[in-house]
Amino acid sequence: MPGEERELEVLHANASDEAKDVLKRVMELENRHLYENQPRVVRDVVNIIKEVVK
Amino acid sequence: MKLISLQLHNFRQFYGTTPKLSFASGDRNVTVFHGVNGAGKTALLNAFTWALYGDFTRGFKLEEQLANRRALREASDGSYVEVWVELQFKHSQKNYLLRKKARVHKGADGSPEQPVVEEIELQFRDESGELKTEENYAEAIGRILPEDLHTYFFFDGERIERLAQPSSEEQADLSRAAKKLMRIEILERAERDLEKARAELQGELRGVGTSQTDELLRLRASDDSELKKLNFRRDEAMRNIDELKVQKHAVEERLRDVEQVRELQEEREQLVQRDLRLNTEQSSNRAELITEVGKDGYFVFLQQPVNQFRALLDQLRSRGELPAGIKRQFVDDLLDRSTCVCGRPLEPNSEPWKCVHSFRERAGLADVEEAAIRLSGQTDEVAERATAFWERVSRIREKSRQIREERAHIENKLDQIGEQILHAPGEQGPALERRLNEIVEGLRGQEHELYSIGKDIRRKEEEIGEIDSRLEKEETRDARHRIAKRRVSIARETKTLVENMRAVFERKFRHDITEKMKRLFRDVTVVPYTPYISEDYKIQLLDDTTDSLLPVATSQGESQILALCFIASVIEETKEYNKRRDALPGPDSSALPVVMDSPFGSLDPAHRRQVASFLPKVASQVVTMVTETQYRGEVADALQGRIGRAYVMTYNTPRDGVKEVSTSIEGHSYPLVKKSSGDYEFTEIQEVRNA
């Protein structure tokens with residue numbers, strides 16, 4: 001559906017570079033831990049944001 | 001997930017070990033199991049769900065009946081029957097072997113107890129061919145085909161309409177399952193974790209505290225302004241002083257021109273010059289005193305230990321311990337030789353011996369004496385330097401006293417001269433003197449003002465210095481505050497981004513599935529209805545003939561078709577989605593098999609044909625268990641050319657008088673029902689030749 005693809009494009013275009021960077025890294029992290037339920041994932045998300053926003 | 005084979009042992013109707021049941025794939029991807037009711041078709045389906053998920057389908061009978069009855073009958077009371085299922089499958093280039101084994105104990109009364117699972121093992125061969133065991137088999141299977149999705153891929157066809165008419169709980173399951181398949185769940189996880197991370201970062205932001213920079217800058221500006229005013233006042237005072245000095249000088253010059261007071265004025269000027277010189281001398285005298293105290297002042301404090309040392313030395317001398325006068329080695333030599341220096345023999349313990357021996361004690365003080373001599377020299381020097389220091393200080397202080405006296409004298413003299421001029425004959429001299437006094441008074445006032453302003457300026461500069469130092473610290477805090485605030489903002493922005501992405505993906509998924517369902521439903525049925533998936537994942541049929549698209553009541557057959565269309569659409573969409581570039585990370589769903597028991601039960605012949613025709617095209621593998629009535633005719637025709645493997649399940653019954661039934665497949669006859677050789681029922685499976 002081009003409409004939805006366009007919507008995703010717009011979402012990405014309007015996001016800040018930092019948010020896009022965080023999104024990419026968080027998705028990689030979530031994929032690694034997709035089948036686990038570990039509270040440390042949140043800790044890692046915090047660290048990702050801290051690394052991106054220094 | 002590609003199914004390779006299944007093997008059962010004492011599982012429900014299947015006595016002993018079945019042959020390895022291989023599954024078809026590729027172009028001919030359908031595997032058919034033929035059997036009569038009760039032959040174990042549903043048991044076969046449940047062998048999959050039990051091995052993979054420890055679960056049974058809704059229609060499956062009690063779990064205690066897991067073990068084969070014949071095997072239980074043959075086991076002695078109190079012993080047990082071993083039940084196992086082995087499933088081979090391939091996923092992501094790896095060959096897996098899942099083995100699940102349980103024991104069913106036979107009670108004292110001969111009835112079976114609850115099965116006890118003994119072993120669950122999931123082994124795989126990796127790319128190098130090495131055999132490995134998954135440590136957490138449930139997690140590994142979850143990665144391959146998540147548990148909450150299994151009811152869509154391993155299902156009982158007679159109850160499948162429930163998938164199309166789900167309860168609210170089942171709708172939630174369906175929604176969750178769809179999200180997992182489409183990998184939308186990962187976005188939900190990211191959304192949740194980003195929100196938690198944002199809350200944590202918000203806490204850190206609070207910890208950094210609020211900035212005081214603005215308040216400090218306000219204070220700084222206020223102090224700057226006050227300092228500016230003080231500097232202005234200082235400059236003004238200095239200008240006034242300069243002006244008054246000029247005026248003073250002019251008045252003094254004019255006083256020199258007045259005959260009656262000239263001499264007094266000249267004398268006064270000389271005295272002022274002298275006072276200035278004395279003032280300079282006094283300053284240098286003070287500086288000299290400071291230098292002296294700094295250089296040699298500490299000798300004053302050494303006087304007491306020097307005195308103590310001298311007193312100690314005097315005591316030693318008065319006791320005759322100093323000087324020691326004799327070396328211990330010399331005394332020892334005399335005692336060794338047993339002869340005194342005077343030639344008298346030194347017999348041990350004789351009087352001469354005792355006398356010489358007593359010298360040894362005194363001889364021990366020789367080292368003390370040496371140290372005393374050395375220290376005496378140094379203490380003498382300390383005493384001399386202290387004395388010299390006091391002499392110099394006294395001289396400086398005396399000079400200071402003389403200067404002070406002379407200046408006091410000059411001051412008196414100047415006062416007298418002032419008085420004399422004021423009362424001198426003529427008008428000009430006294431008038432000028434009064435003017436001079438006014439100027440001098442003004443000068444003193446201005447100098448006092450200047451001094452006071454100078455103090456205020458120094459205090460203000462100190463305050464500004466302190467504010468600057470606090471500002472520097474605040475800047476560091478502000479930088480931390482800015483970063484902490486930005487982090488919270490980025491966490492919030494990323495979460496919103498994920499939230500919006502999820503909404504787009506979900507909408508897209510529902511739209512795509514609905515479109516696929518519409519197409520399939522149109523192909524299969526003749527009714528003028530359109531399938532629709534609501535936001536809460538309820539599958540409905542809408543009447544296409546009216547503008548308002550009213551929901552229509554669905555028959556059992558239509559519900560089954562809807563459910564099958566939904567499953568087929570999900571599989572198709574998942575496969576397409578898996579290939580797409582923008583796919584989210586998640587389970588590999590490029591190959592999805594469908595294992596279904598009696599899927600054509602409630603369908604009329606036309607619908608059976610259509611369903612049988614489209615399912616093998618959509619799913620990567622189809623495994624179906626059918627009765628002869630379900631299979632013969634339309635289904636068999638539709639599956640023509642798609643069947644890769646077929647099996648016949650022969651049901652052995654202990655009942656007398658039952659008519660044996662057989663079926664003919666590919667020109668060969670296979671028994672479906674047989675008389676059991678014993679008084680127990682069981683099922684045997686054999687593969688159809690040339691299926």
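The values are calculated or read from the model by the stated rules, or taken from the named source; none is laboratory data. In this text, all values refer to a predicted model and were calculated from it rather than measured experimentally. Glycine also receives a Cβ, built like all others from the backbone with ideal geometry; neighbour counts cover every protein chain displayed.
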Checklist entry - Does B:A646 satisfy the criteria of being under 27 Å from B:I571 (Cα atoms) and at pLDDT 90 or above? => result yes
Screening B:G343, B:G418, B:G426 for residues that are under 30 Å from B:V258 (Cα atoms) and not in a helix (DSSP H, G or I) leaves only B:G426
Checking B:S79, B:S92, B:S128 in turn, the sole residue that is surrounded by fewer than 15 Cβ atoms within 10 Å (Cβ to Cβ) and under 35 Å from the mean Cα position of the chain (by Cα) turns out to be B:S92
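Listed here are the residues, each with its yes/no results for (1) farther than 27 Å from B:E191 by Cβ; (2) charged (D, E, K, R).
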residue	(1), (2)
B:R487	no, yes
B:K495	no, yes
B:M501	no, no
B:K508	no, yes
B:L549	yes, no
In the stretch B:410-448, anything over 17 Å from B:R239 (Cα atoms) and of a type in the set (K, R) is listed as B:K413, B:R434, B:R435
Condition first: of a type in the set (V, I, T) and at pLDDT 90 or above. Can you find one or more residues in the stretch B:83-93 that meet it? yes
Picking from B:Q420, B:Q416, the residue that is without any contact (Cβ under 8 Å) to a residue 60 or more places away in the chain and either surrounded by fewer than 15 Cβ atoms within 10 Å (Cβ to Cβ) or within 29 Å of B:Q273 (Cβ to Cβ) (or both) would be B:Q416
Among the residues of the stretch B:18-41, is any free of Cβ contacts under 8 Å to residues at least 60 places away in the same chain and surrounded by 20 or more Cβ atoms within 10 Å (Cβ to Cβ)?
no
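Can you list the helices (runs of 4 or more DSSP H) lying wholly within the stretch B:142-235 that have 2 or more residues being at the interface with chain A (Cβ under 10 Å from one of its Cβ atoms), modelled with pLDDT of 90 or more and farther than 30 Å from B:D468 by Cα?
In the stretch B:142-235, B:185-208 are the helices (runs of 4 or more DSSP H) which contain 2 or more residues that are at the interface with chain A (Cβ under 10 Å from one of its Cβ atoms), modelled with pLDDT of 90 or more and farther than 30 Å from B:D468 by Cα.
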Out of (1) within 14 Å of another protein chain (Cβ to nearest Cβ); (2) in contact with a strand residue (DSSP E or B) (Cβ under 8 Å, 6 or more places away or on another chain); (3) over 29 Å from B:T624 (Cα atoms), the one B:N136 does not meet is (2)
The one condition B:S489 fails out of (1) surrounded by fewer than 19 Cβ atoms within 10 Å (Cβ to Cβ); (2) part of a helix (DSSP H, G or I); (3) at pLDDT below 90 is (3)
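This table checks each residue for (1) in contact with a helix residue (DSSP H, G or I) (Cβ under 8 Å, 6 or more places away or on another chain); (2) modelled with pLDDT under 95.
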position: B:N412; (1), (2): no, no
position: B:L422; (1), (2): yes, yes
position: B:G429; (1), (2): yes, yes
position: B:Q446; (1), (2): yes, no
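Looking at B:A636, is it crowded, with 19+ Cβ neighbours inside 10 Å and either hydrophobic (A, V, I, L, M, F, W, C) or farther than 20 Å from B:L562 by Cα (or both)?
no
If a residue has to be within 15 Å of B:D156 (Cβ to Cβ) and β-branched (V, I, T) to count, how many in the stretch B:623-635 make the cut? Break it down into steps so the answer makes sense when it comes.
Applying the first criterion (within 15 Å of B:D156 (Cβ to Cβ)) to the stretch B:623-635 yields B:623-627, B:630.
Next, from what is left, pick out any that are β-branched (V, I, T): B:623-624, B:626-627.
So the answer is 4.
Of all residues in the stretch B:574-590 being surrounded by 20 or more Cβ atoms within 10 Å (Cβ to Cβ) and either more than 14 Å from every other protein chain (Cβ to nearest Cβ) or closer than 28 Å to B:T42 by Cα (or both), which is modelled with the lowest pLDDT?
If we take residues in the stretch B:574-590 being surrounded by 20 or more Cβ atoms within 10 Å (Cβ to Cβ) and either more than 14 Å from every other protein chain (Cβ to nearest Cβ) or closer than 28 Å to B:T42 by Cα (or both), then B:P587 is modelled with the lowest pLDDT.
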Filtering the stretch B:504-522 for residues that are more than 40 Å from the chain's Cα centre (by Cα) and either surrounded by fewer than 20 Cβ atoms within 10 Å (Cβ to Cβ) or at the interface with another protein chain (Cβ under 9 Å from one of its Cβ atoms) (or both) leaves a count of 5
- Query: Of the residues that make up the stretch B:639-653, is at least one more than 30 Å from B:R522 (Cβ to Cβ) and in contact with a helix residue (DSSP H, G or I) (Cβ under 8 Å, 6 or more places away or on another chain)?
  - Reply: yes
The one condition B:L603 fails out of (1) modelled with pLDDT of 80 or more; (2) surrounded by 23 or more Cβ atoms within 10 Å (Cβ to Cβ) is (1)
Checked pairs for the stretch B:77-101, first in contact (Cβ under 8 Å) with a residue 60 or more places away in the chain and within 29 Å of B:E113 (Cα to Cα), second surrounded by fewer than 19 Cβ atoms within 10 Å (Cβ to Cβ) and among the polar types (S, T, N, Q), C-beta under 9 Å and 6 or more apart or across chains, list as B:W84/B:T17; B:E86/B:S5; B:L87/B:S5; B:Q88/B:S5; B:Q88/B:S22; B:Q88/B:N95
B:N68 vs (1) more than 51 Å from the chain's Cα centre (by Cα); (2) at pLDDT below 90: all pass except (2)
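Taking the conditions exactly as written (crowded, with 17+ Cβ neighbours inside 10 Å and either out of contact with any strand residue (DSSP E or B) (no Cβ under 7 Å at 6 or more places or on another chain) or among the aliphatic types (A, V, I, L, M) (or both)), does B:E191 satisfy them or not?
It is true that B:E191 is crowded, with 17+ Cβ neighbours inside 10 Å and either out of contact with any strand residue (DSSP E or B) (no Cβ under 7 Å at 6 or more places or on another chain) or among the aliphatic types (A, V, I, L, M) (or both).
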